[in-house]
Amino acid sequence: MTAGRDQEVFKPVSNDVDFPEMESRLLQWWEESGLRHAYLEKNDDSDERFSFLDGPITANNPMGVHHAWGRTYKDLFQRYKTMQGFAQRYQNGFDCQGLWVEVEVEKELGLNSKTEIEDYGIAPFVQKCKERVRRFSAIQTEQSKRLGYWMDWENSYFTMSEENNYTIWHFLKIMYERGLIYRGHDSMPWCTRCGTGLSEHEIVTEGYKGMTHTSLYVRLPVAGKDASLVVWTTTPWTLPANVAVAVNPEETYVEVQIDGEHLILAEQAALRIFGEDVDIRSRFPGSRLVGEHYRGPFSELPVQQDIEPVVIPWEEADPQEGTGCVHIAPGCGKEDFELGGEFDLPVLAPLDEFGNFLSGYGFLVGQGAWDTSEKIIENLHGKEILIRTEDITHRYPVCWRCGEELVFRLVSEWFIDMDQWREEIMDVAKQIHWIPEFGKERELDWLRNMDDWMISKKRYWGLALPIWTCDECDSFEVMGSQQELKQRTVQGWDKFEGHTPHRPWVDEVKIEC
């Protein structure tokens, strides 16, 4: 099929050119002449294939200029390959699920928390999410057509489709059969507004902002000695969960006298904080402090009654930042949690999913973590263990969807074990031709250092994990398809049948252990 150029299509209707009207006539001519379909079908009989998969835009708002820029490049490469005679799919995609969409629907409905979503109703909320995706995928399609982006628009793929969701169920079933799925505890980034954890790769690039926080220098009296450890933190709310102080065993520490008090910290830190003429009474390696006990900053709290805070060794304790005596709260930080496991430390988890202090934390109960700084400062000052405060601007993780500051929180989530799978993925990455070439080494470096993959999200509009748990025997099973789930169902299929595999409908299904 061929199509000639109709000069009338390009002829301005007057000297005062109406470019949108001219564009409209050109688009209409492309469709009426069948030019786009001729282009899409041009190489159908070719034995050479070029496989292009569109990394889809989230169908959540109209396209931005950055989307138009990216789509222009995609169209350019596909047209080039078409001119070379390659057969292609020309299939566009839309990313449909996840918090991006949820947050915008919450704004539309005037909702501000997971509790308000549940009061509104999960089912109507999910339907609103679907409606938003359909509305903006249609808008993005029309915008793309106006760019002159020639794709098989009638056959775009949607990640909310049953085909996509059940394909992921199948993948997770394979991971389960290989013993790679487990439920574990970890102290990880948590958004208190969205009420969900974030994977490391979600915040490693655009998930940090320059934030100003009030940092504290606090003295912690060492048991049996007339001296105190000096710790420093930029997150005062974590101090009530303190169970240990980490020191670098290879660094030099000092005992200094300040206004009649004896304080212990790294020598580098002492000179930086108190000046070159600080009164140093003794020097010793950090290893000498290991095993010492001290009185915690909030030893009076009910949750602290059975805790014996102790000094532990940690080669990462850096005297160039802080004091060289690092406050450790395993329930409030990634490295802290790892050290807790290594040294069998107690783990205190102070916050609920909304970032509020749980029972056992005295005057802090029910208050949000970031709202307690002034009360914590006042409490420490009253106990005469606060040395000083200092505002500090630093890079701090935020939720890349809603912009809220994150907390680190002890959570129970579902993970894929990367250690048993890492080398397989790396072998595949090595077989790929990367453009630019340095992309391969970046990918391999990321895979080498990637933690276990957290796959659960405690939200509503997204993939429902096909994991069924038994409270009686603490076992779990993964369903790999809709057919398998139907065969195993003993209750609730009538409420699920006819719906997509999303909450709340899939929650109704029970299987026999």
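Once neighbouring chains are kept in place and the probe is 1.4 Å, which whole percent of the accessible area of the range 171-284 is contributed by carbon and sulfur?
Of the solvent-accessible surface of the range 171-284, carbon and sulfur hold 45 percent.
Between LEU444 and ARG388, with labels modelled 7 Å along Cα→Cβ, what's the label distance in nm to one decimal, could you check?
Roughly 4.9 nm, to one decimal.
Going by the alpha-carbon gyration tensor, a ≥ b ≥ c the square roots of its eigenvalues, is the range 22-63 rounded (a/c under 1.5) or, if a/c is not under 1.5, prolate (a/b greater than b/c) versus oblate?
oblate
Calculate, for SER113 and SER359, the FRET efficiency according to 1/(1 + (r/R0)^6) with r their C-beta to C-beta distance and R0 25 Å; round to the nearest 0.05.
That pair, SER113 with SER359, gives E of 0.75.
Can you give me the Rg/Rh ratio for the range 152-223, using Cα atoms for both radii and the Kirkwood formula for Rh?
1.19
Cα convex hull of the range 386-440: how many Å³ per residue?
It comes to 246 Å³ per residue, whole-number rounded.
Considering amide H positions built from the backbone, and no H for Pro or chain starts, which residues 5 or more places from THR192, or on another chain, come under 5 Å of its amide H?
Long-range HN contacts for THR192: VAL407.
Run the numbers on the range 164-244 and let me know its relative contact order in percent, using alpha-carbon pairs under 8 Å that are six or more apart.
15 percent
Take the solvent-accessible surface of the protein heavy atoms, probe 1.4 Å, and return the percent of it on the range 403-513 that carbon and sulfur atoms account for.
47 percent
Return, ordered by residue number, the residues of the range 38-74 whose backbone nitrogen is under 12 Å from a label point located 7 Å along Cα→Cβ of GLU23.
Those under the cut-off are none; the list is empty.
Using DSSP, restrict attention to beta bridges with both residues in the chain and report what percent are antiparallel, rounded to the nearest 5.
DSSP beta bridges in the chain are roughly 80 percent antiparallel.
What is the ratio of the Cα radius of gyration of the range 243-302 to 2.2 N^0.38 Å, where N is its residue count, to two decimals?
Ratio of Cα Rg to 2.2 N^0.38 Å: 1.23.
Pop the C-beta distance of GLU300 and THR72 into the FRET formula with R0 = 45 Å and round what comes out to the nearest 0.05.
So the FRET efficiency works out to roughly 0.10.
If the chain between ASP417 and ILE432 were fully stretched, how many nm would it gain, using 0.36 nm times the residue separation less the Cα-Cα distance?
3.0 nm
So how far apart, in nm, are the two label points at ASN155 and TYR182 if each is 7 Å from Cα heading toward Cβ?
Those two pseudo-labels are separated by 4.3 nm.
Need the list of aspartates and glutamates near LYS173 for cross-linking: C-alpha distance under 19 angstrom, and skip anything on the same chain fewer than eight residues off.
Counting by Cα, and skipping residues close in sequence, LYS173 has these aspartates and glutamates nearby: GLU162, GLU163, GLU413, ASP417, ASP419, GLU424, ASP452, ASP474, GLU477, GLU484, ASP507, GLU512.
Taking θ = phi - 60°, what integer Hz values does the Karplus form 6.51 cos²θ - 1.76 cosθ + 1.60 yield along the range 311-326, in sequence order, with x for Gly and Pro?
Rounded to whole hertz, the list is 8, 10, x, 7, 5, 7, 5, 9, x, 6, 10, x, 10, x, 10, 9.
With just the Cα atoms defining each centre, how far is the range 137-168 from the range 450-492? Give it in Å.
Taking the Cα centre of each part, the range 137-168 and the range 450-492 sit 28 Å apart.
For a quick check: with amide H placed at 1.01 Å from N, whose amide H comes under 5 Å from GLU292's, ignoring anything fewer than 5 positions away on the same chain?
VAL311
Take the alpha-carbon centre of the range 272-340, take the same for the range 227-266, and report the distance between them in whole Å.
5 Å
Describe numerically, in nm with one decimal, the distance between label points set 7 Å from Cα along Cα→Cβ at SER282 and at LYS225.
Between SER282 and LYS225, the label points sit 0.7 nm apart.
Convex hull over the alpha-carbon atoms of the range 405-496: what's its volume per residue in Å³?
210 Å³
Considering all projection directions equally, how large on average is the shadow of the alpha-carbon convex hull of the range 274-326, in square nanometres?
Taking the Cα atoms of the range 274-326, their convex hull projects to 5.2 nm² on average.
Per 0.36 nm of contour for each residue apart, how much would the distance between ARG395 and ASP16 grow if the chain were fully extended, relative to their Cα-Cα spacing?
So the extension gain works out to 131.2 nm.
Which percent of Cα pairs goes in each bin when the distances of the range 57-151 are cut into 5 angstrom slices starting at zero?
Reading the bins upward from 0: 3, 12, 20, 17, 14, 11, 9, 7, 4, 2, 1, 0.
Please work out how much length the chain gains when fully extended from GLU342 to ARG146, using 0.36 nm per residue of separation minus the C-alpha to C-alpha distance, in nm with one decimal.
Net length gain for the segment: 64.7 nm.
Answer rounded, prolate or oblate for the range 109-177, using the Cα gyration tensor with square roots of eigenvalues a ≥ b ≥ c: rounded when a/c is under 1.5, else prolate when a/b is larger than b/c, else oblate.
Oblate is the answer for the range 109-177, as a/c is 1.5 or above yet b/c matches or exceeds a/b.
Whole number in Å², please: accessible area per residue of the chain, 1.4 Å probe, ligands, DNA and RNA not counted.
Per residue, the chain has an accessible area of 52 Å².
Kirkwood hydrodynamic radius, computed over distinct alpha-carbon pairs, for the range 194-342: how many Å, to one decimal?
The Cα-based Kirkwood calculation yields 16.3 Å.
At 222 nm, what value in deg cm²/dmol follows for the chain if DSSP H runs of at least 4 each add -39500 (n - 2.57) and the sum is divided by all its residues, to the nearest 500?
Roughly -9500 deg cm²/dmol at 222 nm, from the helical runs in the chain.
Counting only protein heavy atoms, what percent of the accessible surface of the range 15-134 is carbon or sulfur at a 1.4 Å probe?
54 percent
Which FRET efficiency value, to the nearest 0.05, do you get for THR500 and CYS402 by plugging their Cβ-Cβ distance into 1/(1 + (r/R0)^6) with R0 = 25 Å?
0.50
Output wanted: per-residue J couplings in Hz (rounded whole) for the range 109-125, from phi through Karplus 6.51 cos²θ - 1.76 cosθ + 1.60, θ = phi - 60°, x for Gly and Pro.
8, x, 9, 10, 7, 5, 4, 5, 5, 5, 5, 5, x, 5, 4, x, 5
Over 5 Å intervals from 0, what percent of Cα-Cα pairs in the range 335-380 sits in each interval?
Taking all Cα pairs of the range 335-380, the binned fractions are 5, 20, 21, 17, 19, 15, 2 percent.
In square nanometres and to one decimal, what's the mean projected area of the convex hull around the Cα atoms of the chain?
Result: a mean projected hull area of 33.4 nm².
The values are calculated or read from the model by the stated rules, or taken from the named source; none is laboratory data. From a predicted model like this one, the values you see are computed outputs, not experimental measurements. Heads up, the Cβs are rebuilt from the backbone with ideal geometry, glycines too, and the neighbour counts pull from every protein chain shown. Quick note on the areas: whole protein, heavy atoms, side chains included, nothing else; ligands and nucleic acids left out. Shrake-Rupley method; radii C 1.70, N 1.55, O 1.52, S 1.80 Å.
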